[in-house]
Structures are given as structure tokens and as C-alpha cells.
């Protein structure tokens, strides 16, 4: 989830949970401001990306997004608030709203596909419900509507409560759609004889009805871009179609769904080299991060050979670039070294260590 949406969700939750009486508690405006900042706080870990290209993978949505660390962060930020506002209530008045802000941020990232290390630093396991796209305009719109209603009826917390209830209902609705998309994938797997395949459904822009259904049989991915809303094939986007129209165009009705297929390690002549690279100890970070790793391409030239992988989770037609492409390169039979591919140009690689 983008940081702005996180911050707005913290403001809405702070207003929804504000007590009726302000005696011995935070002034309402300060409470909302603190909730906003607390909900944005976990994304401060983005500074890790300024060190090495791998730091973002290893640490983003780590300790600042951890349920294990939540109380510690809330205590620290509450103490800082007492230093900023020396005249006023003690740290206990700040602790609750800060904990709620951090908690709603963690929940907002948990429902996406990137994954959140909720047990860090005890474990680097990533929890991901995968019901909501990383930038969901409907999700953000519900929060904004709740905040506008709260401003209009500023003396009541019930507009904010209604906004939070609508937001939770929207995620439940997305979960139901996800199960419908998974069921579609399971029917395809059964019809194709892929009885032991793993089926998943990943949200896509720009509608909660757009999904990418993935059937993973261990060696190949079979995936389809579907719309659970459309009944008829959409016309192709016009040459001057806007960004939103281009993003939504590839998703087809279930009755017209097209299934694509790709080998995890490429085709036969590529597989041996791709498997060798994936098994390299220095490339273990990608195996840990990528849930749906697939060979992107092999660049063979003079003097470098590079083998590039990507994560199918982040495949979004209509998007100019595909993030999190990593691989290994070597020169004339020398040792493999890990790199990140930052653009389509084969020379646009940066070392990860």
C-alpha cells in the first residue's frame, strides 16, 4: 500500500476511535495528526534502500512492520510526543493512537501481495493475504470519503466508524472475489490433469474484479488475466487511450479467458544454465523473496553471460517496467556475481553487494 493511503487510514482510525469526552485525553486535532504520522511511520524503513540494492528486499516491511515490535515502537513514539508537547497528557494518551496507527499500516500491507514480515526480527516469513493491489483507488477512495464525511459532521465519530466498516467490508468482498478466481483456476487445473498444482489468484489494477490466476505445477506456470465482472470481450484500447484504460484492457471474461504458459527455468536449452544460477548461494536471496520465480532472459555476449529472473507476482500488463528483476552474471567462465537489472537494456545492471 502506498504511504499516503496508509497515512489517511491512520487518520480515519484515529477519528473513529476518539473518545466522546476529551478530558485527560488528546485534543481531537492532535489525535488525528498523531494517527496520521504513526500510520506513515513504518515506511520509514525505505531509508534502507539507500545502502545497497538488496537492502530493500531484506528489510522493507521488516522490523518497522512487525507485530512483535509494535509495542516497542509505540512506546518510543509516545515518549517522543511527550517531548514535543511538554504541556499536556502523558505518554499513555499517545500510546494507544500510535499503536492503532502502526497496526492499521501493518494490516494494510498484509492484504497486498508483497508480503509483510509480521514476526521480524524473530522470523523473516512474509505474510500476504493478496486480496488488494498495491495501489487500489477504490480502497483509497473509501478512506477519503470517510475523512470527508468526518469533516462534514466533525462533532461525531460515526462517519469515521462507518468509513472503517466500509473499508473492512470492501476487503472481505475482495477476499470473496479472490476465492472465485481461485476456483476458476482449480477447474482449469483439474481439466488439464494438473492434480497436484498450486493455484493462486493475485489482484490487479484497476478494478477489484481484475485478477491474475496462476496454476503452478512445479515446472511451469499457467496463468490467465481475467475479469470477474465482464461478460463480453472488451474492444482493444484506442491508440490514444489513457493509462487507466490500458491497465484494465487485458482482463477478459471467464468465458473468453486465455491461458498463457511459461517454464520456471525456461525451455530445454536454457534450463540447465538457469537451474545452475538459481542454485548459487549468492542468489539465495531471490529464492527467499520471489514466490513465483521465472526465467526472464539469458544474455550471452562477449565477454559476459547473464541469467535474469523475475517474480510473476509483479507482472502487470500496461506497465512500463517490471520491478525486482535479479540475476547472476559471469565473465568468460569466471565466478557468478549477483546483479539487479534496472531496465530492459542489458548493460543497465547494478551489483547487489
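Values quoted throughout were computed directly from the atomic coordinates according to the rules given, and no laboratory measurement underlies them. What you see is a predicted model; the values in this text were computed from it and never measured. Cβ: placed from backbone, ideal geometry, glycine included. Neighbour counts: every protein chain shown.
Given in Å, the Rg to one decimal and the Dmax to the nearest whole number for the Cα atoms of segment 61-220 are 20.0, 70.
Annotation: extensible slack from residue 232 through residue 151 equals 25.0 nm (criterion: 0.36 nm per residue apart, minus Cα-Cα distance). Extent of segment 179-263 along its three principal axes (Cα atoms, max minus min coordinate, largest first): 43, 24, 18 Å. By the equivalent-ellipsoid construction on the alpha carbon gyration tensor, segment 3-129 comes out with semi-axes of 28, 15, 12 Å, ordered largest to smallest.
Taking max minus min of the alpha-carbon positions on each principal axis, the chain gives extents of 73, 51, 42 Å, largest first.
Once the Cα-Cα distance is subtracted from the 0.36 nm per residue extended length, the residue 124 to residue 137 segment shows a gain of 1.7 nm.
Here r is the Cβ-Cβ distance between residue 302 and residue 240 and R0 is 41 Å; the resulting FRET efficiency, rounded to 0.05, is 0.45.
With the simple model of a label 7 Å out from the Cα in the direction of the Cβ, residue 261 to residue 348 spans 3.2 nm. Residue separation of residue 270 and residue 190 scaled by 0.36 nm, minus their Cα-Cα distance, works out to 25.9 nm of gained length. For the chain, adding -39500 (n - 2.57) for each run of n ≥ 4 DSSP H residues and dividing by the number of residues yields -13000 deg cm²/dmol at 222 nm.
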